[in-house]
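What follows is a short report on a single structure.
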Amino acid sequence: MENRITERVKIDFDPMRSLMYLNVNNEYYHKLDCWLHRVHVPESISQFGPYVTRYAFYKSLPIPEGSERFGVCNYQLTEHHWLVNPFSPQLKIKTVQETMPLEVLKWEGLIPDEFDPEASFSADEARGKELADASEVPPLAWNFVPMWWEEEFKGEKRCADDGDNFRWQFVVKYPDGVSKEEGDKWMLGEVLPKFAQMEESVRILTSAVMQDVNASPFARVVEIWFDLPRDWKTTALKKSSTIQAPSWASEGNCFPYLRPAFEIQSMFLSDMPTFDHLGQYTGHITMR
C-alpha cells in the first residue's frame, strides 16, 4: 500500500511556460474584465497555486494600423509558468473546478452566438481545440513552450536598462499539407534572418510549440522587439516585401502568407504585465 501511494502522488518536475491569446468583442469588454478578476482568477489560483510560479495578464497595447493580416488579438496575453505538466494524470482530480459559462466563450469569440444555448463546458474543454473545430471559428491560441527560449536571432546582449520594448509576439500554424520541418525551414531560414537584418528590430527570439502537451495546432512562437510601433510598421508592412514567399504559399500576395487568425495570431505587448496575480491577489482562495 505504501508503494502504491508513493507512485500515485509522484509527478515529474517539468517546467514549461504557456501563452494564451484572448480576443474580446468590445461590446463585452467590461463584462469579461470583471468576470476574470471576480471569478476566474481566484478559482485558477485555488486550483494550480502549488505548481505555478507566475500567473500574469498582459493587456494588448494599442494595435497598429495595417496589422489586420497578422491576426491580431485585441484583449490580452495570459502567461503561466508551470512547474509540472498541468495535464499530468496525477492532477486529474480537481478539488475546485474552474467555471466557464457559455456567455464568456461568446465574449471571447470562441463560439458563435448561435451555439447550443444548453451547452456547458469545463475550463479545460473550453480551451481545447474541439470547440473551434465544431464551430468553425479561429482556434484558441493556447501554446506551451519551454521555460527558456530555444533560439535567438538578434539582441543577445540587450539588457532591461537598454530601453522599453514594443514586443510583437506571434504564433504560426503552417497550412495543411506543410510539415513543421518545411514550415520552419522558411521561418527560421528566411523570415527571421531578414527581420534580424532590419535596423528597427532590436531582439528576436523563438521556440517550437510543445504540441504534445495540449494538442495545439500552432507550431512556433516568435517575439520580435522594437523601440516604437512605427518601427514595427516599417519592418512588417514595408521592408517585409524583401521576404521571399514560401513555395507552398497560398494565402495573400504579401508577408506573412498565412491565413489571419487561423494560421497566424499576434499580440502587441509591453515588457511588464498589467496584473501579476500570484503577487497581487489576496482575495478568496479556497483550501485544497
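The values are calculated or read from the model by the stated rules, or taken from the named source; none is laboratory data. Keep in mind that this is a model prediction, so the values were computed, not measured. For neighbour counting, all protein chains shown are included, and Cβ atoms are generated from backbone atoms with ideal geometry for every residue, glycine included. Surface accessibility is based on the protein's heavy atoms, side chains included, excluding ligands, DNA and RNA. Shrake-Rupley method; radii C 1.70, N 1.55, O 1.52, S 1.80 Å.
A compact table of results
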{"item": "Region 80-102, residues that are under 21 Å from the mean Cα position of the chain (by Cα) and of a type in the set (A, V, I, L, M, F, W, C)", "result": "TRP82, LEU83, VAL84, PHE87, MET100"}
{"item": "Scope region 242-254; condition over 26 Å from LEU110 (Cα atoms), part of a loop (DSSP other than H, G, I, E, B) and touching a residue at least 40 places away in the same chain (Cβ under 8 Å); matching residues", "result": "ILE243, GLN244, PRO246, TRP248, CYS254"}
{"item": "Subset of region 202-241 (residues that are in a helix (DSSP H, G or I) and in contact with a Ser or Thr (Cβ under 7 Å, 6 or more places away or on another chain))", "result": "THR235"}
{"item": "Region 15-27: number of residues that are modelled with pLDDT of 95 or more and either surrounded by 15 or more Cβ atoms within 10 Å (Cβ to Cβ) or part of a helix (DSSP H, G or I) (or both)", "result": "9"}
{"item": "Test: residue in region 259-268 that is open to solvent by less than 60 Å² (accessible area, probe 1.4 Å), in contact with a Phe, Trp or Tyr (Cβ under 8 Å, 6 or more places away or on another chain) and among the aromatic types (Phe, Trp, Tyr)", "result": "yes"}
{"item": "Hits in region 51-101 (condition: surrounded by 18 or more Cβ atoms within 10 Å (Cβ to Cβ), assigned to a loop (DSSP other than H, G, I, E, B) and of a type in the set (A, V, I, L, M))", "result": "VAL84"}
{"item": "Test: residue in region 219-229 that is surrounded by fewer than 18 Cβ atoms within 10 Å (Cβ to Cβ) and within 17 Å of the chain's Cα centre (by Cα)", "result": "no"}
{"item": "Restricting region 103-118 to residues that are of a type outside the set (D, E, K, R) and either within 21 Å of the chain's Cα centre (by Cα) or closer than 18 Å to PRO139 by Cβ (or both), the residue that is modelled with the lowest pLDDT", "result": "PHE115"}
{"item": "Scan of region 140-199 for residues that are open to solvent by 80 Å² or more (accessible area, probe 1.4 Å) and within 30 Å of ILE111 (Cα to Cα), ordered by number", "result": "ASP176, GLY177"}
{"item": "Hey, ALA215 of a type in the set (Gly, Ala, Ser), farther than 20 Å from HIS81 by Cβ and either in contact with a helix residue (DSSP H, G or I) (Cβ under 9 Å, 6 or more places away or on another chain) or at pLDDT below 95 (or both) or not", "result": "yes"}
